[in-house]
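K.L.:
I'd like to ask some things about the structure below.
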Amino acid sequence: MKRQFPVSFYIIAITIFCYMLQNLSDWLFGYDYLLLFGAKINEFILQGEFWRLITPILLHGSFLHIAFNMYALYSIGPGLERRYGISSFVTLYLIGGLWGNTLSFLLSKNPSLGASTAIFGLIAAQGVYIYKNRFLLGSAARPLLMNILMVVAINLFLGMNPGIDNWGHIGGMLGGLFYAWFAGPTYGVESTITLGNVIIRQPKNPRLVTIGAAAISILLIALKILVSA
């Protein structure tokens, strides 16, 4: 049977390719046109360039920026894929990015870019997964949750430095929490006389959760545009 690479690796490859195009554009033309046309820039979003609420997750400002984010995706992505499935994992990644950039659009005037919005969504989803399955995980659940809380706290503290979009991080976490809570898998034990079988209870309609997440984002964006008009 042919081994399938995790979709996380494809996301990493696409993101690295976009970063190479950014550098190529800067080298050829003296300007990063991908950043110009894809970063979260509020004034352009207000003019109708709504793709800027998702495209920033493919763009990065420096080698260290992309290296840190892609290492985080490499570390946490494959495990979440196995638990959520490919389609739900990709949806989770995109919702983290969408909610992160939406909250940044609402509360921060500064331009921003980077996959950290989506990464924070994955971290939050990992926390929800552990919490919802804490009884089966037993004594391992508490230290795992504490590790996640520590990672989040440290990164939010570092995000207080100039040039880091903490609102994007918080929005990404909220998106990950929302999707994981309503559409994430929960393990249970189906008891029989002879043995207990572990079963996975998947949500009945994760598409409704996806639609709900998108609708909330659209509503907030529309309100922001109306207020700014």
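Laboratory data are not the source of any read-out in this text; all were calculated from the coordinates shown. The structure presented is a predicted model; accordingly, all values stated were derived computationally and were not measured. With ideal geometry, Cβ positions are generated from the backbone for all residues, glycine too; neighbour counts draw on all protein chains shown.
K.L.:
For the chain, what does the helix formula give at 222 nm: sum of -39500 (n - 2.57) over DSSP H segments with n ≥ 4, over the residue count, nearest 500 deg cm²/dmol? Before the final figure, lay out the partial values.
P.N.:
Details: 10 runs with 158 residues, N = 229.
It comes out at -23000 deg cm²/dmol, rounded to the nearest 500.
K.L.:
Please work out how much length the chain gains when fully extended from L220 to F135, using 0.36 nm per residue of separation minus the C-alpha to C-alpha distance, in nm with one decimal.
P.N.:
Using 0.36 nm per residue and subtracting the Cα-Cα distance, I get 27.0 nm.
K.L.:
On to the next question. Run the quick spin-label model on L149 and N110: label points 7 Å from Cα toward the beta carbon, then report their separation in nm to one decimal.
P.N.:
Between L149 and N110, the simple spin-label model gives 2.8 nm.
K.L.:
Report relative contact order for region 83-131 in percent, whole number only (criteria: Cα-Cα under 8 Å, sequence separation at least 6).
P.N.:
Computed value for region 83-131: 47 percent relative contact order.
K.L.:
Between S62 and L208, what is the FRET efficiency for a Förster distance of 30 Å, r being their Cβ-Cβ separation, to the nearest 0.05?
P.N.:
After rounding, the FRET efficiency stands at 0.15.
K.L.:
For region 2-58, state which trypsin sites (Lys or Arg not before Pro) are in a DSSP loop and have at most 12 other beta carbons lying within 10 Å of their beta carbon.
P.N.:
Working: sites: K2, R3, K40, R52; in loops: K2, R3.
Loop-located and lightly packed - K2, R3.
K.L.:
Right, something else. Report the semi-axes of the equivalent ellipsoid for region 7-228 in whole Å, largest first, where each axis is √(5λ) for an eigenvalue λ of the Cα gyration tensor. Each step should come with its number before you reach the end.
P.N.:
Numbers: eigenvalues 221, 74, 51 Å².
The answer is 33, 19, 16 Å, longest axis first.
K.L.:
Moving to a separate point now. Which whole-number percent is the relative contact order of region 7-228 (Cα, under 8 Å, 6+ apart)? List each step's numbers first, then the result.
P.N.:
Values: 321 pairs, mean separation 46.6, N = 222.
Relative contact order for region 7-228 comes out at 21 percent.
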